[in-house]
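These notes concern the structure reproduced below.
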Amino acid sequence: MKEQAVIDRFEGDFIILETDHGMIQILRSHAPAMAAEGMVVWYEGDRILELDEEETARREATSRRRFERILGNK
């Protein structure tokens with residue numbers, strides 16, 4: 001069953017994903033070439049199936065708004 005995760009970081013030949021169940025590692029060769037830190041992805045087993053660009057953009061916008069509020073900007 002495919003699940004959603006966020007790319008936490010890259011370590012050597014591995015991509016470290018933050019999942020609802022903890023951290024897991026997946027070989028870079030089992031992921032799309034455009035994968036980057038902070039992206040939301042769908043994975044199953046030991047493969048990243050697809051990048052969720054819409055959810056990634058939504059989370060980035062939310063984080064940007066929070067940061068701007070902290071700085072006192074609108």
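The values are calculated or read from the model by the stated rules, or taken from the named source; none is laboratory data. Just so you know, these numbers come straight off a predicted model, no measurement behind them. Note that each Cβ is placed from the backbone with ideal geometry, even for glycine, and that neighbours are counted across all protein chains shown. Please note that ligands, DNA and RNA were not included when accessible areas were found on the heavy atoms of the full protein model with its side chains. Shrake-Rupley method; radii C 1.70, N 1.55, O 1.52, S 1.80 Å.
Numbers at a glance
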read-out	value
Some residue of segment 15-32 being of a type in the set (D, E, K, R), modelled with pLDDT of 95 or more and in a strand (DSSP E or B)	yes
Output for segment 42-74, where each listed residue is more than 20 Å from MET1 (Cα to Cα) and among the basic types (Lys, Arg)	ARG58, ARG59, ARG64, ARG65, ARG66, ARG69, LYS74
Residue within segment 29-38 that is in contact with a helix residue (DSSP H, G or I) (Cβ under 9 Å, 6 or more places away or on another chain) and either open to solvent by less than 30 Å² (accessible area, probe 1.4 Å) or on the phi > 0 side of the Ramachandran plot (or both) present	yes
